[in-house]
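Input: a single structure, listed below in structure tokens.
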């Protein structure tokens, strides 16, 4: 542990720390462009110069390039160091286009700050400026190369950290250009990070272009609602709309970067069709009246037909506090029919995980430090892209990645892949745990033998599962395998990708209640007559939407609380508008059981861009903001249950009633979150077989999560629409050949939903004999709920 | 002694007032008579145009940031040629204190104060003025400056076509 003196203050830092980081420990700010905690130091900007007065290194040095050593005496205020910094800024500004008024970085530009801080106010260089041609980098990133100071941060982020290959640096001396070899859309699903990384305005957000200045943005720490990983984000809003999302920092989970789905998937908050008005029987009413109606009708139903005639359906999108109150409402009614996920497989997976994870839980930070990662039925880029980025960091640190999946799982790093049918994933897990691989043939045997050997030598292995493909039984096998492979020296970790930001929280609260398919049967039979949906849309999210829609038609009373224009919201007898995640405070529990709080960014209301139709706001004044009726889900439920409606009081009550949630009221939105030791209960044993047996010789189709843009909230976000592909199915080339199809062909896909037109894609890495169809909203593939297996037919229609 | 001082203090103001009776008055009969304020007087705020007639405002929000009473609001937008402009621009003169900080902050000389001080109105909404009310057909105090001629983003001229710029470089060139 070297001990050094910076500006007359002594500091002891860990081995390997550079002087810039050591200075930061002392809260001494050293100006810099190219250094970034996640990217490391390269010493290319020359701004962090410090004077090394005494010790093993002396003279004017770049602080980020010198490792802290014992006995160093360093000065950040030395006149020589200050003068050098002034000159460096002046050089950086020689070719600058002086366009701050039209630059989106203005207000949060490091170059601007350093120029002011460096005192460079008068331009001495009278020569001409170098200029560059810009590239169109697709729908997310806007480039203005003239502003570049060649710090290399974008390339280090895009290529090194995120594993993108289509963005780089070209040229020499003053002709350095960053971009693609040929103009085109950036391919990486993490491309938005170069916007955050760029210290000037070279790379700015295209959807946010010219929208708002930083100083006008309302910002607050939040949690991304798009997947179960719970990345910290900082949404920014103005004029009653959320306009951008920037990565927050949580060293335990995602680190410093977020995926494009999280970054550009904010627009569901501003969606034009979002229901903002409470309704009872189709008539607009005040929120209070709708709450009274909901309370009375549910109570009336309980009196008339018994408490179990009402079912309560929560959601992975609802806040943890709201989910607790839903449980309390069910308890107050006396109903046992409480479930937090409409999708049976995801529900079972989440509940099994909440019951069995225990000591095996691993954070993304643990994953980055892992030396062996095995993915069973998890497709990180589709189900939670930041998981893929964490896996990449593990590989960069020397770890190995093995994928066992029927799908052709793409990762931004090297991985070995064993295509295996979905129903055999559990067998592999059991076989690995028992070290008995005789059931597998040559190729598979060799692969698994090798995997088994790697387990023996691994220090920090982690098993990753996906809820969609594994279901409850698979997750159970995953946890059992981890337990059996763990030894005193080496604990095997588990991480499972769940459906949404609060899947784990919902699973903890669900207890051993029935799953939604059982509830659907009861609705069909008429024993359940009323359904309360908290931010869920069973019409679309149930494992078999057509069956759900048929059953839900029998309901006498449908109460829906929602912030999105879902089918449940449209068809509800009593509808209550809730606030979107960016409009409320609350908390989510991510897939490792980490509870993270978020704060409200903006208040709900119709965006001014909408009320003014693109022009100035209307020239009228109202007492209330139009469209401001939505309230937080927990507020509505607390009001309905006649409880105290402040979040602090609510969290206190939860702490008092459930010992396992002690610490909830102290949770801070900017902290790394809190992992509770709470354990859930296992789901009811009966789980439907995933394979729907129909015609035996029919082709089997596996519905999967599509690429970025196929989640419900993401689908409602217009910036992501550009990334939505045309309907397609993926086949193994051998099977395609058997069906007389080749890549790029157009085909007609027939399922029990009807016909639709798809484009054929082929991939050698997937299992043979299966057709993969992604769920794509607003297309014919909308009903492809991930994890469900369908019979289908595929006929060729022509060349694309 | 105080007695004499009080007598003086009582009579002197009357004497001075009497003296003013025989001087020319400084007040004028507004609104029949009007005084011309100096050219740099800070009254009605206008949005000026470039010498070529295009809108000068680039909606950079610096005026609204500088405004101590928050009476300026706007929304920036992008034109087809990449020009940043104000989709709407609103000044609430009912709130404006005519401090002139907006004009001082403006990097493009778009927002300027004028000597037109007759803004009063009984209808507050008439004091809330939009871009079409604010925009004038002229350059105001500077009839030469065009911001896009000087900033290197390739809007007024081709990229690299400003006076102080080399044309765009070829990063793939092999020449030293």
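The values are calculated or read from the model by the stated rules, or taken from the named source; none is laboratory data. Being a predicted model, the structure only gives us computed values, none of them experimental. A quick note on method: Cβ atoms are made from the backbone with ideal geometry, for glycine too, and the neighbour counts reach across all protein chains shown.
Data overview
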read-out	value
Meets criteria (surrounded by 13 or more Cβ atoms within 10 Å (Cβ to Cβ), closer than 30 Å to residue B:130 by Cβ and within 14 Å of chain B (Cβ to nearest Cβ)) for residue A:628	no
Residues satisfying the stated conditions in segment A:39-68, i.e. part of a loop (DSSP other than H, G, I, E, B) and either modelled with pLDDT of 95 or more or in contact with a helix residue (DSSP H, G or I) (Cβ under 8 Å, 6 or more places away or on another chain) (or both)	A:39, A:41, A:42, A:43, A:45, A:46, A:47, A:48, A:66, A:68
Where residue B:126 falls short, out of the listed (1) in contact with a strand residue (DSSP E or B) (Cβ under 9 Å, 6 or more places away or on another chain); (2) more than 8 Å from chain A (Cβ to nearest Cβ); (3) surrounded by fewer than 16 Cβ atoms within 10 Å (Cβ to Cβ); (4) not in a loop (DSSP other than H, G, I, E, B)	(1)
Total residues in segment A:100-132, condition part of a loop (DSSP other than H, G, I, E, B), in contact with a strand residue (DSSP E or B) (Cβ under 8 Å, 6 or more places away or on another chain) and either more than 11 Å from chain B (Cβ to nearest Cβ) or touching a residue at least 24 places away in the same chain (Cβ under 8 Å) (or both)	4
Selection from segment A:402-417 of residues that are assigned to a strand (DSSP E or B) and within 21 Å of the chain's Cα centre (by Cα)	A:403
Answer residue from segment B:130-149, given it is buried (at least 17 other Cβ atoms within 10 Å of the Cβ) and facing chain A (nearest Cβ under 10 Å) and is farthest from residue B:41 (Cα to Cα) among those	B:148
Complete set of residues in segment A:65-87 that are surrounded by 21 or more Cβ atoms within 10 Å (Cβ to Cβ) and within 39 Å of the chain's Cα centre (by Cα)	A:66, A:68
Unmet criterion (only one of (1) part of a loop (DSSP other than H, G, I, E, B); (2) touching a residue at least 60 places away in the same chain (Cβ under 8 Å); (3) within 14 Å of chain B (Cβ to nearest Cβ); (4) touching a strand residue (DSSP E or B) at 6+ places or on another chain (Cβ under 8 Å)) for residue A:200	(4)
Residue match in segment B:106-122 (condition: more than 19 Å from the chain's Cα centre (by Cα), more than 8 Å from every other protein chain (Cβ to nearest Cβ) and assigned to a loop (DSSP other than H, G, I, E, B))	yes
Which listed residue, of A:139, A:97, is in contact with a helix residue (DSSP H, G or I) (Cβ under 8 Å, 6 or more places away or on another chain), without any contact (Cβ under 8 Å) to a residue 60 or more places away in the chain and either within 14 Å of chain B (Cβ to nearest Cβ) or part of a loop (DSSP other than H, G, I, E, B) (or both)	A:97
Candidates A:416, A:480 - the one that is within 21 Å of residue A:380 (Cα to Cα) and surrounded by fewer than 23 Cβ atoms within 10 Å (Cβ to Cβ)	A:416
Number of the exception - residue A:645 against (1) within 18 Å of residue A:534 (Cβ to Cβ); (2) in contact (Cβ under 8 Å) with a residue 12 or more places away in the chain	(2)
Residue ID - surrounded by the most Cβ atoms within 10 Å (Cβ to Cβ), chosen from residues in segment A:382-406 that are in contact with a strand residue (DSSP E or B) (Cβ under 6 Å, 6 or more places away or on another chain) and within 29 Å of residue A:715 (Cα to Cα)	A:384
Candidates B:176, B:168, filtered to the one that is more than 19 Å from residue B:42 (Cα to Cα), facing chain A (nearest Cβ under 9 Å) and surrounded by 17 or more Cβ atoms within 10 Å (Cβ to Cβ)	B:168
Any chance residue A:220 is more than 30 Å from residue B:170 (Cα to Cα) and more than 14 Å from chain B (Cβ to nearest Cβ)	yes
Number of the exception - residue A:718 against (1) without any contact (Cβ under 8 Å) to a residue 60 or more places away in the chain; (2) under 26 Å from residue A:315 (Cβ atoms); (3) surrounded by fewer than 18 Cβ atoms within 10 Å (Cβ to Cβ)	(1)
Test: residue B:158 is within 10 Å of another protein chain (Cβ to nearest Cβ), within 30 Å of residue B:96 (Cα to Cα), touching a strand residue (DSSP E or B) at 6+ places or on another chain (Cβ under 9 Å) and surrounded by 12 or more Cβ atoms within 10 Å (Cβ to Cβ)	no
Qualifying residue in segment A:594-616 (condition: in contact with a strand residue (DSSP E or B) (Cβ under 8 Å, 6 or more places away or on another chain), crowded, with 22+ Cβ neighbours inside 10 Å and over 26 Å from residue A:236 (Cβ atoms))	no
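Yes/no matrix, rows are residues, columns are (1) out of contact with any helix residue (DSSP H, G or I) (no Cβ under 8 Å at 6 or more places or on another chain); (2) over 23 Å from residue A:508 (Cβ atoms); (3) modelled with pLDDT under 90:
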| site | (1), (2), (3) |
| --- | --- |
| A:652 | no, no, no |
| A:655 | no, no, no |
| A:680 | no, no, yes |
| A:683 | no, no, yes |
| A:696 | yes, yes, yes |
| A:699 | yes, yes, yes |
| A:704 | no, yes, no |
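Residue-wise test of (1) part of a helix (DSSP H, G or I); (2) in the same structural domain as residue A:359 (by TED's automatic domain parsing).
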{"residue": "A:489", "(1), (2)": "no, yes"}
{"residue": "A:494", "(1), (2)": "no, yes"}
{"residue": "A:514", "(1), (2)": "no, no"}
{"residue": "A:520", "(1), (2)": "yes, no"}
{"residue": "A:531", "(1), (2)": "no, no"}
{"residue": "A:549", "(1), (2)": "yes, no"}
{"residue": "A:565", "(1), (2)": "no, no"}
{"residue": "A:570", "(1), (2)": "yes, no"}
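The rows are residues; the columns are (1) away from chain A (no Cβ under 14 Å); (2) touching a residue at least 24 places away in the same chain (Cβ under 8 Å); (3) in a strand (DSSP E or B).
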site: B:38; (1), (2), (3): yes, yes, no
site: B:46; (1), (2), (3): yes, yes, yes
site: B:76; (1), (2), (3): no, no, yes
site: B:81; (1), (2), (3): no, yes, no
site: B:86; (1), (2), (3): no, yes, yes
